[in-house]
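*Asks:* One structure, as structure tokens, below. Some questions next.
The values are calculated or read from the model by the stated rules, or taken from the named source; none is laboratory data. Quick caveat: nothing in here was measured; it's all calculated off a predicted structure. Don't worry about glycine lacking a Cβ; one is built from the backbone with ideal geometry, like all the others, and counts go over all protein chains shown. These accessible areas exclude ligands, DNA and RNA; they are computed on the full protein's heavy atoms, side chains included. Shrake-Rupley method; radii C 1.70, N 1.55, O 1.52, S 1.80 Å.
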Amino acid sequence: MLIYVMHRWFRSDTARAAAADRYADVHGNADLDSYNAYLKNLGTHDRDR
């Protein structure tokens with residue numbers, strides 16, 4: 001029974017992650033975009049010194 005539950009959990013988690021990835025591909029990911037902008041800003045700031 002434990003193996004069955006673990007298998008169902010894994011499939012559900014994998015499907016949810018795939019759906020989230022597809023959504024992010026179509027609509028973008030605001031958190032990731034803002035983090036990348038932050039890192040770019042840090043890189044620009046370091047070159048100015």
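*Asks:* Would you pick out the residues in the range 1-29 that are open to solvent by less than 90 Å² (accessible area, probe 1.4 Å) and not β-branched (Val, Ile, Thr)?
*Replies:* Result: 12, 13, 15, 17, 18, 19, 20, 24, 28, 29.
*Asks:* Follow-up question, since we're still on this one. Output yes when any residue across the range 35-47 is of a type in the set (Val, Ile, Thr) and surrounded by 10 or more Cβ atoms within 10 Å (Cβ to Cβ), and no when none is.
*Replies:* No.
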